[in-house]
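Below is one structure, written out as structure tokens; the observations come after it.
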Amino acid sequence: MRHRAIQGRRTGRIETRRFAGLLLVALASVASAQGEPPATAGAAVDFADCLISDTAKLRRLAARCTRIDRPEDPSRPDGKQVSLKVAVIPALTPTPAEDALTVLAGGPGAAATAFYVSFASAFEQVRRRRDIVLVDQRGTGDSNRLDCDFSGIDEVVDVDDEKMLDLTRACLDALPHDPRFYTTSVAVDDLDAVREALGYAQLDVYGASYGTRVALHYLRQHPEHTRTVILDGVVPMQIPIAPEIALDAQTALDRLFSRCQDDPACAERFIALQAKFSQVQATLEEGPIEVSLGDPFTGEPITLDVGIAHLRAAVRLLSYSPTAASLIPLIIEQAAQGNYQPLAAQAQMVMSSLDESLSYGMHNAVACTEDAPYFDEFISRELSLEEIERTYLGSEQHEGLATICGVWPRGVIDEGFKEAVVSDHPVLILSGEADPITPPRNGERAIGEDGAHLSNALHIIANGQGHGVAASGCLPRLIGKFVVDASHEALDTSCVERLAPTAFFLDFSATAP
């Protein structure tokens, strides 16, 4: 078997809380459920009509919903149970395939149902012939959500290690469930139990961001029940999340600065953009600036102390989406001229999106078991602390998480979990060229040198795109054909060459023509 890499031609709340996840930015589409899950599915499962919604409750989709109980502690099947929320979006054909597509969300901590509503357009081709099965992973959404209440923390004030430890212990004391059993190793067995209960022979597995880790481990643990795998923004099993975040975010920002410099309209409008960013960064590092503005959600007048945390949050999370990233030069320019309102508004919006999207307790349950214990060895082997400190994010991301994990209990992890998955199953890997957190090299890591790990993989790199590209351009069509064929050999990927980054905003009215 062989693997290929395809790349289009080149054309032309917040981190001080230390609970930042991997937020996916995506567009939504609206559809309605038709029909029922297949007759072979769920003989003992009762479905009911339901509506599933995105995190903000602004978009809804009709589905068929049920709940499936699983033991919280896998070693005690008769003990306390976890009630998993399961939603099925029925196929558009009256005779669907015996396999179904399941969609796994990122984070860690995002709910599959909410993610799907925001990203449904990516899967409409698949839905023509297959049901879509959504399981809110235990600890997220409506499946025993593990959350922490940080409403008493000022959004803009740094939380020192001692305070962070106090908050973490308070969170643990308040959790109604045992976080040791809310890890990926347990979740993949939940997913297979749902598959069996619903009567599907196999699953086609799509994972986004952290969801790619779940998809890969499901492939490893349940290969006989896996038909195809789609990995969108890969988190390789052997790489811990967090230590590389600062470096990848800096690379994405440097790429953005270079693209602006090479764009005549952007270069003329935003002179010495990188120097202005350094100026704004230095100003905010000296202390916060009081800013009055209209609340971006309610319009009510508010006053914020805008600090370095706002700059880091806004720039990092806007970088996830090519459309949002196109605002960054204008926001930097305005701040350099003393107008911090756009920066404050964008920071407020991305912070709110994180808080609404992620279950922080589940995030910690995963990260403190599967990532933090491996930080030191990975950094000493692969990275330079001095280089991390030179980035605009610095080392706070992984150091803050390491502090939290000093008191957070480690959970269930399968033997060999941190080893690369080896498989000859058909795998489609999607990467955004400008992804600031799961860059294309992660896809190559998952494949391995000369396909040593995933020998039957195709890697598509989407030019100018960010984090989570399944809904971009022609990719939904390619995903649909890949799932139908269970092969990438016949995919015509030439359409990917037409993908390009979004034109820069030269003012707040519109992007450049």
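The values are calculated or read from the model by the stated rules, or taken from the named source; none is laboratory data. Everything quoted here is computed from the prediction, not taken from an experiment. We place every Cβ from the backbone using ideal geometry, glycine too, and count neighbours over all the protein chains shown. In case anyone asks, the SASA skips ligands and DNA or RNA and just uses the protein heavy atoms, side chains included. Shrake-Rupley method; radii C 1.70, N 1.55, O 1.52, S 1.80 Å.
Given the criterion more than 30 Å from Val214 (Cα to Cα) and either aromatic (Phe, Trp, Tyr) or modelled with pLDDT of 95 or more (or both), identify the matching residue among Ala282, Ala309, Ala249, Ala325.
On the way: Ala309 fails: either aromatic (Phe, Trp, Tyr) or modelled with pLDDT of 95 or more (or both); Ala249 fails: more than 30 Å from Val214 (Cα to Cα); Ala325 fails: more than 30 Å from Val214 (Cα to Cα).
Answer to the selection: Ala282.
From (1) within 22 Å of the chain's Cα centre (by Cα); (2) closer than 28 Å to Pro179 by Cβ; (3) surrounded by 20 or more Cβ atoms within 10 Å (Cβ to Cβ); (4) not charged (D, E, K, R), pick out the condition that doesn't hold for Tyr374.
Only one criterion is unmet by Tyr374, namely (3).
Exactly one of these conditions fails for Ile379: (1) assigned to a helix (DSSP H, G or I); (2) open to solvent by 40 Å² or more (accessible area, probe 1.4 Å); (3) of a type outside the set (Ser, Thr, Tyr). Give me its number.
(2)
Taking the stated definitions as given, is Glu415 touching a Ser or Thr at 6+ places or on another chain (Cβ under 9 Å) and either over 29 Å from His459 (Cα atoms) or open to solvent by 10 Å² or more (accessible area, probe 1.4 Å) (or both)?
Details: touching a Ser or Thr at 6+ places or on another chain (Cβ under 9 Å): no; either over 29 Å from His459 (Cα atoms) or open to solvent by 10 Å² or more (accessible area, probe 1.4 Å) (or both): yes.
No, not satisfied.
Of the conditions (1) closer than 30 Å to Glu415 by Cβ; (2) more than 17 Å from the chain's Cα centre (by Cα), Gly361 clears all except one; give me its number.
(2)
Identify the residue in region 274-313 that is hydroxyl-bearing (Ser, Thr, Tyr) and within 30 Å of Arg390 (Cβ to Cβ) and, among all such residues, is surrounded by the most Cβ atoms within 10 Å (Cβ to Cβ). Talk me through it step by step, then tell me what you get.
Of the residues in region 274-313, the ones hydroxyl-bearing (Ser, Thr, Tyr) are 278, 283, 292, 298, 303.
If we keep only those that are within 30 Å of Arg390 (Cβ to Cβ) as well, we get 278, 283.
On the way: Ser278: 14, Thr283: 16.
The qualifying residue surrounded by the most Cβ atoms within 10 Å (Cβ to Cβ) is Thr283.
Of all the helices (runs of 4 or more DSSP H) wholly in region 226-299, which have at least 1 residues that are under 30 Å from Ala402 (Cα atoms)? Break it down into steps so the answer makes sense when it comes.
Working: elements: 245-262, 264-269, 273-286.
Result: 245-262, 273-286.
Among the numbered criteria (1) assigned to a helix (DSSP H, G or I); (2) at pLDDT 95 or above; (3) not hydrophobic (A, V, I, L, M, F, W, C), which single criterion is violated by Tyr206?
Result: Tyr206 fails condition (1) only.
How many residues are under 27 Å from Asp149 (Cβ atoms), in contact with a Gly (Cβ under 6 Å, 6 or more places away or on another chain) and part of a helix (DSSP H, G or I) if we restrict to region 180-203?
Of the residues in region 180-203, 1 are under 27 Å from Asp149 (Cβ atoms), in contact with a Gly (Cβ under 6 Å, 6 or more places away or on another chain) and part of a helix (DSSP H, G or I).
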